[in-house]
1. Considering each residue of region 219-242, count those that are hydroxyl-bearing (Ser, Thr, Tyr) and open to solvent by less than 30 Å² (accessible area, probe 1.4 Å), and give that number.
2. Being in contact with an Asp or Glu (Cβ under 8 Å, 6 or more places away or on another chain) and closer than 20 Å to Gly359 by Cα, is that true of even one residue in region 425-447?
3. Of all residues in region 269-288, which are closer than 26 Å to Lys162 by Cβ, surrounded by fewer than 16 Cβ atoms within 10 Å (Cβ to Cβ) and at pLDDT 90 or above?
4. Within region 202-218, work out how many residues are of a type in the set (D, E, K, R), open to solvent by 90 Å² or more (accessible area, probe 1.4 Å) and either farther than 16 Å from Ala186 by Cα or not in a helix (DSSP H, G or I) (or both).
5. Can you tell me which residue in region 514-541 is nearest to the chain's Cα centre (by Cα), limited to those that are closer than 30 Å to Ser457 by Cα and surrounded by 11 or more Cβ atoms within 10 Å (Cβ to Cβ)?
6. Only one of Leu266, Leu242 is modelled with pLDDT of 90 or more, over 24 Å from Lys162 (Cβ atoms) and in a helix (DSSP H, G or I); which?
7. List the residue pairs whose Cβ atoms are under 6 Å apart, where the first residue sits in region 438-451 and is in contact (Cβ under 8 Å) with a residue 60 or more places away in the chain, the second is part of a loop (DSSP other than H, G, I, E, B) and not basic (Lys, Arg), and the two are 6 or more positions apart or on different chains.
8. So, in region 157-175, exactly how many residues are part of a loop (DSSP other than H, G, I, E, B) and either modelled with pLDDT of 85 or more or closer than 15 Å to Val378 by Cα (or both)?
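The values are calculated or read from the model by the stated rules, or taken from the named source; none is laboratory data. Model, not experiment: these values are computed from the prediction. Every residue, glycine among them, receives a Cβ derived from its backbone with ideal geometry; neighbour counts consider all protein chains shown. Note: accessible area is taken over every heavy atom of the protein model, side chains too, but ligands, DNA and RNA are not part of it. Shrake-Rupley method; radii C 1.70, N 1.55, O 1.52, S 1.80 Å.
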Amino acid sequence: MTSGNYSPPSDHDHDIDMEAGGVGGWTTPHETEFVDPFDIGNTKNASIETLQRWRQAALVLNASRRFRYTLDLRKEEEKEKRRRMIRAHAQVIRAALLFKLAGQQAIAIDDMAERSLRCVAFAYRSCEVDEVPSDEEQLEQWNLPEDDLVLLAIDPCRPGVKDAVKLCTDAGVKVRMVTGDNLQTAKAIAMECGILAPDADVSEPTIIEGKAFRQLSEKEREQVAKKISVMGRSSPNDKLLLVQALRKGGDVVAVTGDGTNDAPALHEADIGLSMGIQGTEVAKENSDIIILDDNFASVVKVVRWGRSVYANIQKFIQFQLTVNVTALIINVVAAISDGDVPLNAVQLLWVNLIMDTLGALALVTEPPTDHLMRRSPVGRREPLITNIMWRNLIIQALYQVSILLVLNFFGKSILNSNDSTEHANQLKNSLIFNSFVLCQIFNEFNARKPDQVNVFSGIMKNRLFVGIVGTTFVLQIIIIEFLGHFFTTVRLDWKLWSVSLVIGVTSWPLAMVGKLIPVPRTPFIKIFIKPYQRCIAARTACTA
C-alpha cells in the first residue's frame, strides 16, 4: 500500500479482515524491527491527517487498477476509535508489475497459482504527501511507483483441513470447493486440501468455471452438478445455482459460508453452516449451525453428532416397536383364546415406563462412534425404519412372542404347581411378566448396535446406559418380591428367576446370529408396494 509520508504506529491491538487471507509487513531503511502495517488497533490514536492519507492511498491504488480492494475507515467520535478493513482479491494483483526476484523480470500469477499460492500481496512504500495527486483526474494518470516496494505474502492451507476432508470423504460426504479464485489456484488448493486426488481428472466438469456452469440449462446443471469437485471464478449466484441443482437431484446439501453474499446459498441448503468469527450477521441469520472456531474440521464434528442423533432415534424406535408388537400380540392372542390377559394394565404401565422413559434415556444418550463415520449417508427419501431394523425387530418379536405364548398356554403344566388354580394362574402370569420385562432389559443391549455383532462395544463409555439398565433390573426385583399387591404378582423362587434370566439372556446370542442374515438394500416397503403399483398401472392401461 502506498501512503503519504507515513510512519508505523506503536500499538499492536489491531483488527484485520482479509478475504483472501494474506499477511502484510514492512521495514524502513533505518529500522530492523518488523512492524505489521495492517494491524488496525493503532489507528485509535491516529490523527485525522493520517487517516486522510490512508484514504488517499486507497484512491491511488484503485486508480492504478493494480490492486482491487476496499478500504473502510470508520470513525466513532464517542469512542475515538477508527477501523479499517482491507479485502484483497489475488486475481487482479499483477505480480510482474510489483516486484523482481532472483533477477527475473516478472513472476506470472499463473505460476504462483500452480504452487497453490493465493497471491495475496501487499506492498508498502513511504511517499511525500506532495507526490500524491489530490485530484481524481490526476490520480487516473499518475504512475504508481514500482520500485522499493516491500512485499510479504502468502497464507497456507489451515492445518487439519486435509484430514477433515478425508474423514468426510470416507463418510460418503463429497466435499466441493466453490471459490472466486481462478481455476489454477482453485485446483492447487483443492489438491493440497485433498478435495482432488493427485491423479484426478482435472477437465470439465470436475473443474469448471462459474460462468460455464451458469450458462448451462437447468437439466444440464443437474447432471453436471454431481460431477463437480471445484468451481472457480464463481459468483454468489453460481453457488446458489449449484445448491439448487444438487437438491433437485435428491442430494442432501450442506453449505459453509461467512459473507453476506453467501446468505442465499446458506438459506437454500438443507444445512447452512456459517462462521462464528468472520461470519457476517446476515450469514449467521440464514444458517442453521454456526461454527464458532471458523474451522472446517468442525464440520466433521457436525457430521458425527448429526449421524449419532439420527442413529440413536432409530435405536429407540427399534426397541419401542419390539416392546409394543410383543405386548400387543401376547395380550390379543391370550384374550381371544382364554378371555384372560397375562399382562394387566398396571404391569403395562411399568413396561411403558421402561420403554418410553428409561429406555429412551438409555439409548438416545449414546455418544457418537467412529463406526458412524464409515456408514453411507442417509438419502433424503430413505425410510426411517431400515431393513436392518425390521430384521432385528422381527427376530426379537418372534422369539419373545413364541416363548411367552408357550408359557401362557402351557405354563401351568410346565410349572407343575400343586397350589390352587388362582395361585397357579398368578404364578404363571408373574413368570410371563417377569420374563417379558427381562427380555426388554436385555434387548436394550441389542438395540445399542443394530448392525454390529458385538453389542457390548464401548458400553462403559455410556455410564447413563449402564445405570438405567441396572436401576430397571433392581426395580423389577422390588416389584416382583415386594410390590405384588399393586402389580397383581406373586413372589418367584430362585428357579423361576433363573428361568426368566435364561429367557432374557437368550436374546443376546439370538441377536448375534440374526445379524449375520443379509438384508436387501431396497427397503421392504418398496418391495411390497411394487406389485401394488404394477397392478394399478395395469388397470390404468386397460381402462385407457
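1. Selection size over region 219-242: 2.
2. no
3. Asp270, Asp288
4. 3
5. Checking each candidate, the answer is Pro523.
6. Leu266
7. Phe445/Val455; Asn446/Val455; Arg448/Val455
8. Final tally of qualifying residues: 5.
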